[in-house]
Amino acid sequence: MENIENQSRELLTKQLVGEASDREKVELEAWLEQSEENRAEWEQSKKMLSKIDSFYQEKRFDTDAAWKNVHAQFVPTKGTVVSFQKKRKEGIATFYKYAAILVVALLLGTVGYYIGFRNQVPAVYSEVISGENQVLQQYVLPDGSVVALNSHSKLTFPKKFRDNVREVSIEGEAFFDVKPNPDMPFVINAGETQVKVLGTSFSVSAYPGDETVEVIVETGKVQVISKYTEKQTVATEVFLIPGEKGTFFTQNKILEKSVNADPNFLSWKTHDLIFNKVPLSEVIRCLEKTYHIRIDLAEPGLNDLMYEGHFDQKPADFVLDVIRLTFNLELTGENEHYTLAGRKNDQ
């Protein structure tokens, strides 16, 4: 509580005396949007500072007396008396700045707990989190853009976008259908990359701990930007069109563009599966991601079996049964854990 109050006092004071950074100005705007009470406190702070300024301009104040007035708001009557030494060259400027600090501190006695600045997520931000084996098919953002979240993913976004940008953050995997707005770019922070668009649809995979961050475009045009800028020889941005994929390798910080060769990159959302003569091991990997299940192959040789097929909106049991019949295998298990094995010859 005390730490939050100190941070909020510092932020408002910096804005009042013209020393706030761009980031701090954004934080202040976010706090002002939070409630009418916050805006009223801010207006009152500006009015009180304006009165101080008026005295300064008209030279109708006594520096020592003013300091004692402000100081009396914070020190009990039994406390020690603090003396102030006036300096001709710096006195006026110093009084003006620190009087603002004390005035703001006095005003914020009961509202500091509303703010979680700097190292905390501001209260004006929202989070949407999908469970371990849960897919959130649709979530509508404040601007009308629609997001689908794969399992174990988190989307963070402001309750109200700023006037010049729509900025969100993703941990995990998501599919974005961005509402077009040429005046407000849509920016996604995904691990060590940023994705910028105006209006398009694409997927982003950025699970913490993964070796890559991947962006695959379905419609429109997307810019993928690497936040790593230490090596100037490494590409820092790529532009993607439908059917292309941008991959950022987290270990060597390399950003690459390629053609997307995976027809099932959205199967976790659509349950539309297409296999064009691919190894059974790849089929199993895709099924596990799509249905959030575990599938074991009893013999290593089964991995190399080549499979071709198409499943649209079919349950996992149905797909596995078709694979079993195709290769004359045995299927055991149910719910979330299955095993495929070769049939034993009758003795």
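Which residues, taken from the stretch 158-185, are within 13 Å of the chain's Cα centre (by Cα), among the charged types (D, E, K, R) and over 17 Å from Ser201 (Cβ atoms)?
Lys159, Glu167, Glu171, listed by residue number.
Matching residues to (1) of a type in the set (Asp, Glu); (2) closer than 23 Å to Glu192 by Cβ; (3) touching a strand residue (DSSP E or B) at 6+ places or on another chain (Cβ under 9 Å):
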| site | (1), (2), (3) |
| --- | --- |
| Glu211 | yes, yes, yes |
| Glu214 | yes, yes, yes |
| Val224 | no, yes, yes |
| Leu240 | no, yes, yes |
| Gly243 | no, no, yes |
| Lys269 | no, no, yes |
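Which of the following residues is outside any strand (DSSP E or B), of a type outside the set (Gly, Ala, Ser), modelled with pLDDT of 95 or more and open to solvent by less than 50 Å² (accessible area, probe 1.4 Å): Leu287, Leu273?
Answer to the selection: Leu287.
Would you be able to tell me the number of residues in the stretch 294-317 that are exposed (fewer than 14 other Cβ atoms within 10 Å of the Cβ) and closer than 22 Å to Lys277 by Cβ?
Residues meeting the conditions: 9.
From (1) under 30 Å from Glu132 (Cβ atoms); (2) exposed (fewer than 15 other Cβ atoms within 10 Å of the Cβ), pick out the condition that doesn't hold for Tyr207.
Only one criterion is unmet by Tyr207, namely (2).
Mind checking whether some residue in the stretch 298-305 is more than 22 Å from Ser267 (Cα to Cα) and modelled with pLDDT under 90?
no
Which count do you get for residues in the stretch 309-347 that are touching a helix residue (DSSP H, G or I) at 6+ places or on another chain (Cβ under 9 Å), closer than 28 Å to Gln134 by Cα and among the acidic types (Asp, Glu)?
3
Is it true that some residue in the stretch 290-300 is aliphatic (A, V, I, L, M) and either under 25 Å from Gly246 (Cα atoms) or assigned to a helix (DSSP H, G or I) (or both)?
Scanning the stretch 290-300, I find no residue that is aliphatic (A, V, I, L, M) and either under 25 Å from Gly246 (Cα atoms) or assigned to a helix (DSSP H, G or I) (or both), so the answer is no.
Within the stretch 318-331, restricting attention to residues that are open to solvent by 80 Å² or more (accessible area, probe 1.4 Å) and without any contact (Cβ under 8 Å) to a residue 12 or more places away in the chain, which residue is nearest to Leu266 (Cα to Cα)?
Looking at residues that are open to solvent by 80 Å² or more (accessible area, probe 1.4 Å) and without any contact (Cβ under 8 Å) to a residue 12 or more places away in the chain, I get Phe318.
Could you list, in sequence order, all residues of the stretch 185-197 that are outside any strand (DSSP E or B) and crowded, with 18+ Cβ neighbours inside 10 Å?
In the first step, residues of the stretch 185-197 are kept if they are outside any strand (DSSP E or B); the result is 185, 191-192.
Across the stretch 185-197, the qualifying residue is only Gly191.
Please specify each residue of the stretch 131-145 satisfying the condition of being of a type in the set (A, V, I, L, M) and under 15 Å from the mean Cα position of the chain (by Cα).
Across the stretch 131-145, the qualifying residue is only Leu141.
Tell me which residues, restricted to the stretch 147-177, are open to solvent by less than 30 Å² (accessible area, probe 1.4 Å), assigned to a loop (DSSP other than H, G, I, E, B) and over 19 Å from Ile129 (Cα atoms).
Phe161, Val165
The values are calculated or read from the model by the stated rules, or taken from the named source; none is laboratory data. All of these numbers come straight from a predicted model, not from anything done at the bench. Positions of Cβ are generated from backbone atoms using ideal geometry, with glycine treated the same way; all protein chains shown enter the neighbour counts. Remember, those area values only see protein heavy atoms, side chains included, never the ligands or the DNA or RNA. Shrake-Rupley method; radii C 1.70, N 1.55, O 1.52, S 1.80 Å.
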